[in-house]
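Please read the structure below before turning to the comments.
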Amino acid sequence: MRNKQKPKFTVRDPKRSDLRDLLSNYLQMQKEIKTNPYIGIPLSGQRPTLKKERKWLNELLKKIKKGKAVVTVAEVDGHVVGMCDITSESSPEAKHTGTLGILVKKEYRSMGIGTALMESSLKKARKKYSMIKLDVFGFNRGAKRLYKRLGFKVYGVLPEAFIRGKKLKIDKVMMYLKFD
Ligand SMILES: CC(C)(COP(=O)(O)OP(=O)(O)OC[C@H]1O[C@@H](n2cnc3c(N)ncnc32)[C@H](O)[C@@H]1OP(=O)(O)O)[C@@H](O)C(=O)NCCC(=O)NCCS
């Protein structure tokens, strides 16, 4: 029987050896979207492979070194179960702004991991950016609650920004947080 006790987690910087966990978490979310299309991020359309994920992770680690990203992962029993990344805008005129993304593995949600990941990334981000922005699906009430709780404000909604599958129309809610 599954142990119902809440697992202990730690948050830390990402490393190269997190590759397989990060890929597996992303693939699991892709599968989850088939039964719950109201969550997540716009899908890329390509199936991520280990090779592509390795390239993506190497680039992300390089960005962190160059000060162009801050990333936090959550670990339970030696495996990464969530990640929050904040990456720099490409234009030098928007380099004061970071863009945030977050994913926690389904079976580890509602345990405070998302909050801890965001708090850790936002703490690091304060030293680099004066503002953080993110996009969230209109349906994604849980994620919006988390962002609002951490001080994010809605600055716009793009109705029907995405169409998932044949006809699920999804609004994009845009939020920002300005550091004092
Ligand atoms: C959005 C997401 C990152 C939130 O992560 P999470 O780990 O579930 O977040 P938390 O556990 O910190 O907070 C979620 C809820 O759990 C509650 N919670 C926090 N700690 C808790 C604890 N120890 N015990 C019980 N509940 C707890 C929080 O109060 C919060 O409740 P609320 O939703 O009523 O406000 C996660 O749901 C996810 O990855 N979703 C799929 C991908 C996605 O949609 N990402 C967002 C793209 S924009």
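Every number in this text was worked out from the coordinates using simple rules, so none of it is lab data. Since this is a predicted model, take the numbers as computed values, not measurements. Cβ coordinates were reconstructed from backbone atoms using ideal geometry, including for glycine residues, and neighbour counts include every protein chain displayed.
Some notes on this structure:
- The value of relative contact order for segment 10-129, using C-alpha pairs under 8 Å at least six residues apart, is 27 percent.
- Highest average packing first - 120-130, 147-157, 13-23, Cβ atoms within 10 Å: 120-130, 13-23, 147-157
- Candidate cross-link partners of residue 169 among the lysines, defined by an alpha-carbon separation under 21 Å and a same-chain spacing of 8 or more, comprise 31, 34, 144.
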